[in-house]
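All remarks here apply to the structure that follows.
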Amino acid sequence: MASRNILGIETSCDETSAAILRIDEGQPALRSLVILSQDIHRVFGGVVPELASREHLRTIGPVVERALAEAGIGLSQLDGIAVTAGPGLIGALLVGLMYAKGLAFGLEKPLLGVHHLEGHLFAPVLEDPTLEPPFVALLVSGGHTQLLDVEGWGRYRLLGETQDDAAGEAFDKVGTLLGLDYPAGAAVEKLAREGKPDRYDFPRPMIREGYAFSFSGLKTAVLRAVRASPDLEADRGDLARGFHDAIVEVLVEKTARAVADTGRTTAMIGGGVACNRTLAAALTERLRGTARVVVASPRLNTDNAAMIAAAGAWRLERGERSDLSLEPFDSAPLPGLIHGLGRGRPITLTSP
Ligand code: KG4
Ligand code: ZN
């Protein structure tokens, strides 16, 4: 089998990213990855969609050129283009999508629209090409929290998802309450390490049964404790620790339940919150002797184009193609979702 170069493009939120993935005899090898994180949103305490689109527009060209240069190839050596089509901010997605369509049309190369969460699922493959389904996947990002049984690539059984806030969103909102900059996940984890474990006993929502998550009650409990604190500066570490212990315990418990119920021997954590080392260590400890825990490096877990190239390459290799009518979408189930939660049929990103 000949080797192929796939360009990945990701602009679903506030990272402008491009990557070159080389597929050799079916094995992926990352040749370059450029990620430009937009700093402009920091002062607003969250992503401002219009500003995100403008930043993507300004930087997408140079980011793609840099990825090509670092991989040591030119546009003519590309064999396919994979781009995030959603879910995400429509204006932001549109920039990457239009750029990818322009390239695909101009170069006469195949185009593939990728579901952002499928990208997160593929991230660990970039470092461990032996990772193969079946496995249980805990997808925890700023916008999503899902527990999946990955029966095969492209066959995803949704076990449960959040009823309200995403896990990363809970980290970010609690971070704001504690006076930390957005996005606050990493800072909350660090602050929690300095805090006392038994000072605050926050609720563990829905921990007893099922696979569904809910984090808004936990967030409100932290808000109340922050308001009741006579000296927030002195209590910040303990508050962070109380929150951190609660959310990690819920995520670990539900994932362990999914592993026990499915009998899978591998569990992966994906998405930005997978950068949390306390979470990975706690799950590894909980599943010791039952299942191995797979987590990609931090730069592959937060939003990046390498994971989009990996997911897209898998579909391109199977002959799937998107056509130039591909539109961005703000929300849609994973392609190949086996059991949705009554939210319509799985979306198809490719033409028949
Ligand atoms: O996957 P991602 O980069 O973007 C989305 O698709 O949403 O995830 C970003 C989220 C943010 O909410 C951020 O606070 C969180 O991942 N995050 C963390 C950590 N590092 C990033 N949350 C907890 N602990 C961390 N170490
Ligand atoms: Zn993401």
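Observations, loosely collected:
- Those residues of segment 281-303 which are assigned to a loop (DSSP other than H, G, I, E, B) and open to solvent by 80 Å² or more (accessible area, probe 1.4 Å), in sequence order: R288, G289
- Condition check for I269: under 17 Å from G86 (Cβ atoms), at pLDDT 95 or above and either surrounded by fewer than 19 Cβ atoms within 10 Å (Cβ to Cβ) or aliphatic (A, V, I, L, M) (or both): no
- Breaking point among (1) within 15 Å of ligand 2 (Cβ to nearest atom); (2) touching a strand residue (DSSP E or B) at 6+ places or on another chain (Cβ under 7 Å), for Y156: (1)
- Of note, L36 satisfies the criterion of being out of contact with any Leu (no Cβ under 9 Å at 6 or more places or on another chain), assigned to a strand (DSSP E or B) and open to solvent by 70 Å² or more (accessible area, probe 1.4 Å).
- Restricting the first member to segment 272-290 and to residues that are assigned by TED's automatic domain parsing to the domain that holds E15 and within 16 Å of ligand 2 (Cβ to nearest atom), and the second to residues that are outside any helix (DSSP H, G or I) and open to solvent by 30 Å² or more (accessible area, probe 1.4 Å), no beta-carbon pair is closer than 7 Å while six or more apart or on different chains.
- Candidate set from segment 152-184 (those that are open to solvent by 50 Å² or more (accessible area, probe 1.4 Å) and charged (D, E, K, R)); member that is farthest from A240 (Cα to Cα): R155
- Residues within segment 304-339 that are surrounded by 19 or more Cβ atoms within 10 Å (Cβ to Cβ) and within 25 Å of V34 (Cα to Cα), tallied: 16
- If the condition is being within 13 Å of ligand 1 (Cβ to nearest atom) and open to solvent by less than 10 Å² (accessible area, probe 1.4 Å), then segment 123-142 contributes A123, L138, L139, V140.
- Residue within segment 165-174 that is away from ligand 2 (no atom under 16 Å from the Cβ) and in contact (Cβ under 8 Å) with a residue 12 or more places away in the chain present: yes
- In segment 3-12, the condition of being at pLDDT below 95, within 17 Å of G312 (Cα to Cα) and open to solvent by 40 Å² or more (accessible area, probe 1.4 Å) is met by at least one residue.
- Residues located in segment 23-48, provided they are within 14 Å of G80 (Cβ to Cβ) and free of Cβ contacts under 8 Å to residues at least 40 places away in the same chain: none
- Residue selected from segment 56-91 under the condition assigned to a loop (DSSP other than H, G, I, E, B) and out of contact with any Leu (no Cβ under 7 Å at 6 or more places or on another chain), by the criterion nearest to A313 (Cα to Cα): D79
- Total residues in segment 20-33, condition open to solvent by 50 Å² or more (accessible area, probe 1.4 Å) and not in a loop (DSSP other than H, G, I, E, B): 5
- Some residue of segment 240-255 being closer than 18 Å to H144 by Cα, buried (at least 22 other Cβ atoms within 10 Å of the Cβ), in contact (Cβ under 8 Å) with a residue 24 or more places away in the chain and polar (S, T, N, Q): yes
- When every residue of segment 57-67 is checked against the conditions, none turns out to be free of Cβ contacts under 8 Å to residues at least 40 places away in the same chain and among the hydroxyl-bearing types (S, T, Y).
- Considering only residues in segment 103-122 that are farther than 22 Å from D330 by Cβ and in contact with a Lys or Arg (Cβ under 9 Å, 6 or more places away or on another chain), the one that is surrounded by the most Cβ atoms within 10 Å (Cβ to Cβ) turns out to be P110.
- Members of segment 310-330 found to be among the aliphatic types (A, V, I, L, M) and either within 16 Å of ligand 1 (Cβ to nearest atom) or in a loop (DSSP other than H, G, I, E, B) (or both), listed by number: A310, A311, L324, L326
The values are calculated or read from the model by the stated rules, or taken from the named source; none is laboratory data. What you are looking at is a predicted structure, and each value in this text was computed from that prediction instead of being measured. All Cβ positions, glycine included, derive from the backbone under ideal geometry; neighbour counts span all protein chains shown. In case anyone asks, the SASA skips ligands and DNA or RNA and just uses the protein heavy atoms, side chains included. Shrake-Rupley method; radii C 1.70, N 1.55, O 1.52, S 1.80 Å.
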